[in-house]
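Everything on this sheet refers to the single structure shown next.
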Amino acid sequence: MSLKFPDGFTFGYATSSYQIEGAVHDDGRTDSVWDTFCREPGRIADGSSGDTACDHYRLWPSDLDLLKSLGAGAYLFSTAWPRVMAGSKPNPAGLDFYSRLVDGLLERGITPFIKLYHWDLPQALQDKGGWINRDTASRFADYAAVTVRRLGDRVKRWVSHNEPWCVSMLGSQIGNFPPGHRDLKEALLVGHHLLLSHGMAADPIRAMGGAGTLYGYAPNYVPAYPATDRDEDIQAARRFEGYFNNWFIDPVFGLGYPEEMVRYYGSLVPEIKPGDMEAIAVVPDFLGINYYNSSVIHHRSGDWKPEIEDVPMPGVWKTADRDVWAPGLYDTLKAVNDRWKPKELFVTENGAATLDPEPENGTVADPDRVRYFREHLPEVLRAVNAGIPVKGYFAWSLMDNFEWDKGYTLRYGVTHVDFKTQKRTVKQSGHWLSELYRTKTLP
Ligand code: FCB
């Protein structure tokens, strides 16, 4: 097996607006649902917020130098809807920020990939129901048009949604993301409107972006393995994949909602208006997959959702928050390719939170994160060598940042951030990855 990635394979790092930018009141930015959620007592593990985060809104020029020094050929970031839009109108100052950022990337020879939605919905829209309100999908299309109109002359890779499962299920079924509800029926309605917004934004994006614009979609994917070969466990694992993966991907590929799940959910399935499934069916020019872990599933009777067990496979080990099963990344890429045959595939997130020591001698020893990448990158190459059209890989994340409901208690960066001083220190994993990115060869 060749240890070299093909020429033209894209390597980069991913971040998201609310997790790194800070400056939440600057230049006309209004509250997002995360700003308000963080103010609710008990929502965030350490009571923190993204108010300052990595202060990237100010430190972006040196952060782009950091990206460059880490061998990035591309950078996947998100624009913040409440920065770009002032209500229904564009906010020029917010757009200027992203315009400078894009120029800064291009000057450094780094290709920008922009996600339009990495969870920071304007609170003003949440006040009108958020994603439960069908109108939010139209507002998303407006926001997408404004953003692409301004940046589309220089940015050709656009992603509608990052991890719609998280927005729907963590937000409205499990309740540890905003709006913090526990109602599966609501969660499925949210999902329907997210999917609809992916479809509705396509025409404005292609119109504003002009020639060469590529429209992507970036769900998370968790492959499920049955705990035993008992039929009920096999069925439960299938159901988990329906719930977690296929529900959010089948429709954009024109397959509608998976029938098995429609039967299973019954009256929980949202109302589908005539034309909705056709509107949603905008096949992405490239499909991004965020992969972190796999699940082993066993059936728990009488419950709507199968129970998830720790993965009892040989070779499984743990990071600060997950079980690690690197072959699951290959299985994912293969399953995705088999089921949806995307024109292009990208791993849009992959990475690990580990309990890192403080910086010492100008770096941070994070052997478990190095191990994580050392185990996962070969799985990507295995997929490439098997003829699966994987065109790029983005590590999560460029630097430690605000990890949602876990606040600053989990660090996912390949660069350490001292949140008191905002000093950045490249970890050993960052050095390891940048070497791979430069040589495009597995060590
Ligand atoms: C993903 C999110 C990303 C980050 C990583 C660790 O689910 O997309 O923002 O939180 O997990």
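Please treat every number below as a calculation from the coordinates, not as lab data. All values reported here derive from a predicted model rather than from experimental measurement. Positions of Cβ are backbone-derived with ideal geometry, glycine not excepted, and every protein chain shown enters the neighbour counts.
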Exercise for the section: Quick one: net charge around Ser62, please, counting Lys, Arg +1 and Asp, Glu -1 for every other residue with C-beta under 12 Å from its C-beta. Expected result: +2
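Efficiency by 1/(1 + (r/R0)^6): what FRET value for Thr441 and His25, r their Cβ-Cβ distance, R0 = 51 Å, to the nearest 0.05? Spell out each step's value before the answer.
On the way: r = 46 Å, r/R0 = 0.89.
After rounding to 0.05, the efficiency reads 0.65.
How much net charge surrounds Pro342 when only the other residues with a Cβ under 13 Å from the Cβ of Pro342 are counted, with Lys and Arg +1 and Asp and Glu -1?
+1
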Practice task
With viscosity set to 0.890 mPa s and temperature to 25 °C, compute the Stokes-Einstein D of segment 307-443, Rh being the Kirkwood radius across alpha carbon pairs; µm²/s, no decimals.
Solution key: 153 µm²/s
Completion exercise
Under a Gaussian network model of the chain whose springs join Cα atoms within less than 10 Å, the largest fluctuation of Arg369, Arg100, Arg230 belongs to Arg230
Problem - Segments 354-360, 245-251 sorted - mean Cβ within 10 Å per residue, highest first - result: 245-251, 354-360
Problem - Cut-off 10 Å between beta-carbons: net charge of the residues surrounding Asp418, Lys and Arg +1, Asp and Glu -1 - result: +1
Exercise for the section: With +1 on each Lys and Arg Cβ and -1 on each Asp and Glu Cβ, and nothing else charged, work out how big the dipole of segment 301-443 is about its Cα centre, in Debye to the nearest 20. Expected result: 700 debye
Exercise for the section: Would you kindly derive the ³J(HN,Hα) couplings of segment 128-143 from the backbone phi angles with the Karplus curve 6.51 cos²θ - 1.76 cosθ + 1.60 (θ = phi - 60°), listing them in order in whole Hz, with x for Gly and Pro? Expected result: 9, x, x, 6, 6, 8, 4, 4, 4, 5, 5, 5, 4, 4, 5, 4
Practice task
Please give the contour-minus-distance gain from His431 to Gln235: 0.36 nm per residue of separation, less the Cα-Cα distance, rounded to one decimal in nm.
Solution key: 66.3 nm
Fill in the blank from the handout: For Glu349, the residues 5 or more places away or on another chain with a placed amide H closer than 5 Å to its own amide H are Ile289, Asn290, Tyr291, Phe394
Practice task
Report Rg(Cα)/(2.2 N^0.38 Å) for segment 216-300, keeping two decimals.
Solution key: 1.20
Practice task
Using a 10 angstrom cutoff on alpha carbons, build the Gaussian network for the chain and name the most mobile of Lys318, Lys273, Lys341.
Solution key: Lys273
Practice task
Name the lysines eligible as straight-distance cross-link partners of Lys185: C-alpha to C-alpha under 23 Å, and not fewer than 8 places from it in the same chain.
Solution key: Lys128, Lys273, Lys305
Completion exercise
If amide H atoms are modeled at 1.01 Å from N in the peptide plane, then the residues at a separation of 5 or more from Thr111, or on another chain, having amide H under 5 Å from its own are Ala74, Tyr75
Handout entry: Residues listed by number, segment 337-379, amide nitrogen under 11 Å from Ala320 label point at 7 Å toward C-beta
Key = 352-358
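For the chain, what is the mean residue ellipticity at 222 nm derived from helices alone (per DSSP H run of n ≥ 4: -39500 (n - 2.57); sum divided by total residues; nearest 500 deg cm²/dmol)?
Numbers: 14 runs with 160 residues, N = 443.
Helix contribution divided over all residues of the chain: -11000 deg cm²/dmol.
Considering all alpha-carbon pairs of segment 65-198, what whole percent are spaced by more than 25 angstrom? Intermediate values should be presented prior to the final figure.
Values: 2768 of 8911 pairs.
Pairs farther apart than 25 Å: 31 percent.
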Practice task
Quickly work out the Lys89-to-Ile174 label distance, labels modelled 7 Å from Cα along the C-beta direction, and quote it in nm with one decimal.
Solution key: 4.1 nm
Exercise for the section: Decide, for the chain, between rounded, prolate and oblate: order the square roots of the alpha carbon gyration tensor eigenvalues as a ≥ b ≥ c, take rounded if a/c falls under 1.5, and otherwise choose prolate if a/b is larger than b/c, else oblate. Expected result: rounded
Handout entry: Distant-in-sequence amide H partners of Thr10 (H built 1.01 Å from N, under 5 Å)
Key = Gly392, Tyr393
Completion exercise
In terms of the alpha carbon gyration tensor, root eigenvalues a ≥ b ≥ c, rounded if a/c is under 1.5 and otherwise prolate when a/b exceeds b/c or oblate, segment 227-374 is oblate
Fill in the blank from the handout: Taking R0 as 30 Å and r as the Cβ-Cβ distance between Ala365 and Asn385, the FRET efficiency 1/(1 + (r/R0)^6), rounded to the nearest 0.05, comes to 0.40
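Going by average Cβ density within 10 Å per residue, which order do the peptides 208-214, 414-420 take, highest to lowest? Don't skip to the end; give the middle numbers.
Working: 208-214: 14.6, 414-420: 18.6.
In decreasing order of mean packing, 208-214, 414-420 become 414-420, 208-214.
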Exercise for the section: Return the distance in nm (one decimal) between the two label points of a simple spin-label model at Ser138 and Phe419, each offset 7 Å from Cα along Cα→Cβ. Expected result: 4.0 nm
